[in-house]
Amino acid sequence: MKTSYKPDKLGFYGEYGGAFIPELLKIPVQELSAAFSYFKEDPSFILEFEQLLKDYVGRPSPLYKSTHLSNRFQANIYLKREDLNHTGSHKINNTIGQILLAKRMGKTTILAETGAGQHGVATATVCALTGLKCVVFMGEKDIERQYPNVQRMRMLGATVIPATSGSKTLKDATNEAIRHWINHPDSYYLIGSVVGPHPYPEMVAHFQSVISKEIKVQLTHATGKELPHRVIACVGGGSNAAGAFYEFYEDEEVELIAVEAAGEGVYSGLSAATSILGSDGVIHGSLTLLMQDRDGQIIEPHSISAGLDYPGIGPLHAHTIRSGRTKACPITDDEALRAAFELSRNEGVIPALESAHALAVLEKLTIQPNEVIVINLSGRGDKDMQTYLEYFTKNHESI
Amino acid sequence: MNPFKKQDKQLSIFITAGYPELNSLPEQLNLLQRNGVDFIEIGIPFSDPLADGPVIQQSSQQAIRNGMNLEVLFEQLKETKSNIHVPLVLMGYFNPILQFGIQRFLKEASVCGIKGVIIPDLPFEIYMRSYQEEFQKYDVTFIPLITPKSEDSFIKMVSENSRNGFVYLVSQHATTGSDIQFISNQSRYADIRVLCGETPLFLGFGIRNNRDLASAYLECDGGIVGTAFLQAITEGTENEFLKTLREVTLQEG
Ligand SMILES: Cc1ncc(COP(=O)(O)O)c(C=O)c1O
């Protein structure tokens, strides 16, 4: 039986998803649902979205065949260059879509959470573009490790509010954004991944699906066939993966690999490998796989990559991983760092730490000669220079 | 008989189980009962309470660090059961209950004589679809939350369903402990009181002192005080604080 990748009326993908929200958020969420259902079919909305993706973001992003990786693995390895988008990651695809929606809903203030700061920057950017007020919540720990992005958000005119509760990372920034939304129900909450209550997972996947639509067209040009053997993407909440997989879900011969951050090792106690360590539970308004203790308290995850340092995954991924349609694969901090250096040195591309996790999977696969593999290079590494340099200094001889 | 139905206006207090000490609860229940509190809400601590402000967040973190969980809570409740006669309500986010097991939770709750359960992040629609049958089987009442902006039809439906319990009216769109403008909402509270019919209606979120409580007594059947009482616990002034709140009750009663 085919795994459905569209949610039912209440927002469930199989048993995962839904909208587990306090009554306080019911009306804002209902309004959002209604607006999304209407405008996603609206020709003038679609036209404006596509126009901005082309002229402002710079889409389509190239599908680049990596000479180095193709040689090394004796296969055809393509990088989907989301790092070349305006602001440096896939996050902008979703923020363009949602800001157009917010505008049409008459909203004036935009709230967002951010981990690596890429979603925060992408949100601050579209707010500057449209003249809307922007408030970004970011964990204190992430503010420290992704400081260049904090400065970018401020330069773009956004207010950055540190989240000081819990682990002071993405989970807590999301809590603070939702609390702020409860207190200011007229503002628009622009979520950055395929997480949160229905309709967010569906909506974010919809706006990100442009990635796999382009891959199909570009692969046809390059190889004469629209389907690769494998598509690989990293998963924090899972928006770049949802976008890269979306058009391939029904092509069951295509293997979909979701790469999770294993931190210092899956069972080290410092990990964010949700699909292995997680169990069914409710986080941020959605029933999904999440890391929790036996009392149902949410466990603070760990990853060197701020964008993957999240204890849950989107319900679409929970559903497709549990049903077997998507394969999950854990990658440690060190493996990701090595892959980042390899691509930088041999291909002249410095990837984001998040995307480096996806690259690192290649070594773990048994690859057939001439196989066609697409890796979603979700972002560029400028924001991670501090972490890279620390690693570089520490491991100078071995590099 | 609905245990939340009285002639007089009622005062309810919310406390976080396991705060400030793991074993604080039994004594707190006794104190509240001695001071004539009409019913008590016991908060099950959760690591990520979305609808709560900093005070309840911090009390929950502390309670979790102290080792509070549902097993410990039900044990403490069984021990105090014979002394405590005011109705008890459990309030907690869905995830800890889900992990404990819904059946097991309801069974324990009913053994402990719990009169109602509030789960702020379990919407009524999902409750009806997936859990109502089990709640009924164990004779535990699901207490719905509404806000001044809830639709009239929704308010009617949930109050019908909660005839053995009450309806929890969240004073305004805000997290717990916020500054609330009670006055500007009074006429909506009055409409809601009518919509609820026979089901008692209590106002909560942001009631900090006797003046706020008097505002709750204007249109609703009572008020629920949480954040302000936890602050009094932290400061060691719970006796004095309860006394000032009781004065309002006596005046209005
Ligand atoms: C470059 C990059 N890739 C991936 C992610 C992870 O997010 P998602 O799993 O939603 O794609 C982030 C998040 O900040 C990111 O900045």
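The values are calculated or read from the model by the stated rules, or taken from the named source; none is laboratory data. From a predicted model like this one, the values you see are computed outputs, not experimental measurements. Here Cβ is always computed from backbone atoms with ideal geometry, including for glycine, and neighbour counts include all displayed protein chains. Heads up: the accessible areas ignore ligands, DNA and RNA and are worked out on the full protein's heavy atoms, side chains in. Shrake-Rupley method; radii C 1.70, N 1.55, O 1.52, S 1.80 Å.
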In Å and from the alpha-carbon atoms only, list the Rg and Dmax of the range A:41-90.
15.1, 46
For a quick check, take a GNM of chain A with Cα springs below 10 Å and name the residue from A:Arg145, A:Arg72, A:Arg322 with the largest mean-square fluctuation.
A:Arg72
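Short version: what are the Cα gyration tensor semi-axes of the range A:251-332, square root of 5 times each eigenvalue, largest first, in whole Å?
20, 16, 10
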Taking the full set of protein chains and a 1.4 angstrom probe, give the accessible area of B:Glu235 in square angstrom, rounded to the nearest 10.
130 Å²
Where the centre of each part is set by its Cα atoms, how far does the range A:238-304 sit from the range A:178-192, in angstrom?
24 Å
Average partner chain C-beta neighbours within 10 Å, per residue of B:120-131?
4
The range A:1-90: spread of alpha-carbon positions along the three principal axes, whole Å, largest first, is 55, 37, 25
Quick one: work out Rg over Rh on the C-alpha atoms of the range B:105-173, Rh as Kirkwood radius.
0.97
Provide a whole-number value for the mean count of partner chain Cβ atoms within 10 Å of the Cβ atoms in peptide B:55-61.
1
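Given axes a ≥ b ≥ c from the Cα gyration tensor, I'd like to know whether chain B is rounded (a/c under 1.5), prolate (a/b larger than b/c) or oblate.
Judged from the Cα gyration tensor, chain B comes out rounded (a/c under 1.5).
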Taking the Cα centre of the protein assembly as shown as the origin and placing charges on Cβ (Lys, Arg +1; Asp, Glu -1), which of A:Leu79, B:Met68, B:Ile143 is farthest toward the positive end of the dipole?
A:Leu79
Selection from A:Leu52, A:Pro148, A:Gly115 lying farthest towards where the dipole of chain A points positive, charges on Cβ:
A:Leu52
Tabulate in residue order the Karplus-calculated ³J(HN,Hα) for the range A:372-383, using 6.51 cos²θ - 1.76 cosθ + 1.60 with θ = phi - 60°, rounded to whole Hz; enter x for Gly and Pro.
9, 10, 10, 10, 7, 8, 5, x, 9, x, 3, 5
From the protein chains alone at 1.4 Å, what is the descending order of accessible area for A:Val217, A:Val150, largest first?
A:Val217, A:Val150
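What number, rounded to the nearest 500 deg cm²/dmol, is the helix-based mean residue ellipticity at 222 nm of the protein assembly as shown, given -39500 (n - 2.57) per DSSP H run of at least four residues and division by all its residues?
-13000 deg cm²/dmol
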Charge dipole (debye, nearest 20) of the range B:183-253; +1 at Cβ of Lys and Arg, -1 at Cβ of Asp and Glu:
120 debye
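Distances over 25 Å make up what percent of all Cα-Cα pairs in the range B:148-253?
That tail contains 21 percent of the Cα-Cα pairs.
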Unit charges on C-beta of K, R, D, E only; dipole of chain A, Debye:
680 debye
Alpha-carbon radius of gyration plus Dmax, which is the widest Cα pair, for the range B:193-239 in Å
12.6, 40
In the neighborhood of A:His284, defined by Cβ-to-Cβ distances under 14 Å, what is the net charge if each Lys or Arg adds +1 and each Asp or Glu adds -1?
-3
Using a 1.4 Å probe and ignoring any ligands, DNA or RNA, find the accessible area of B:Thr234 and quote it in Å² to the nearest 10.
90 Å²
Please list, in chain and number order, the residues 5+ apart from A:Ile161 or on another chain whose amide H is under 5 Å from its amide H, with Hs placed from the backbone.
A:Val136, A:Phe137, A:Met138
Computed for chain B: size of charge dipole around the Cα centre, +1 on C-beta of each Lys and Arg, -1 on C-beta of each Asp and Glu, debye to nearest 20, value 300 debye
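Suppose we take every Cα in the range B:133-202 and form the convex hull; what volume per residue is that in Å³?
91 Å³
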Chain A shape via C-alpha gyration tensor axes, a/c threshold 1.5:
rounded
Excluding same-chain residues fewer than 8 positions from A:Lys394, which lysines have a Cα within less than 28 Å of its Cα?
A:Lys141, A:Lys168, A:Lys364, A:Lys383
So if I average 1/r over every pair of distinct C-alpha atoms in the range A:240-291 and take the inverse, what Kirkwood radius in Å does that give?
12.8 Å
Within the protein assembly as shown, percent of DSSP bridges classed antiparallel, to nearest 5:
20 percent
How crowded by other chains is A:286-299, given as the mean number of beta carbons from other chains within 10 Å of each beta carbon?
5
If you take every DSSP beta bridge whose two residues both sit in the range A:1-151, what share of them, in percent to the nearest 5, is antiparallel?
45 percent
Which value does Rg/Rh take for the range A:100-216 over its C-alpha atoms, Rh per Kirkwood?
0.97
To the nearest 10 Å², what's B:Thr244's accessible area with a 1.4 Å probe?
50 Å²
Highest-MSF residue in chain A out of A:Gly117, A:Gly269, A:Gly348 [GNM, Cα springs under 10 Å]:
A:Gly348
Evaluate the Kirkwood expression for the hydrodynamic radius of the range A:195-327, namely the inverse of the mean inverse distance over all pairs of different C-alpha atoms, and round to one decimal in Å.
15.2 Å
Order A:Leu52, B:Leu77, most accessible first, counting only protein heavy atoms with a 1.4 angstrom probe.
A:Leu52, B:Leu77
Rounded to one decimal in Å, the inverse mean reciprocal Cα-Cα distance for the range A:270-399, i.e. its Kirkwood radius, is 16.1 Å
The range B:152-157 - phi-based ³J(HN,Hα) in whole Hz, Karplus 6.51/-1.76/1.60, Gly and Pro as x
4, 5, 5, 4, 4, 4
A:Glu342, A:Glu226, B:Glu240, ranked by accessible area, largest first (probe 1.4 Å)
B:Glu240, A:Glu226, A:Glu342
Based on the Kirkwood radius over alpha-carbon pairs, what is the Stokes-Einstein translational diffusion coefficient of the range B:4-54 at 4 °C with 1.567 mPa s viscosity, in µm²/s?
104 µm²/s
For the table B:Lys81/B:Lys243; A:Lys26/B:Lys137; A:Lys65/A:Lys91; A:Lys6/A:Lys80; A:Lys107/A:Lys133; B:Lys6/B:Lys115, the rows whose alpha-carbon distance is greater than 19 Å are B:Lys81/B:Lys243; A:Lys26/B:Lys137; A:Lys65/A:Lys91; A:Lys6/A:Lys80
Give me the distance between the Cα centres of the range A:75-114 and the range B:178-253, rounded to whole Å.
44 Å
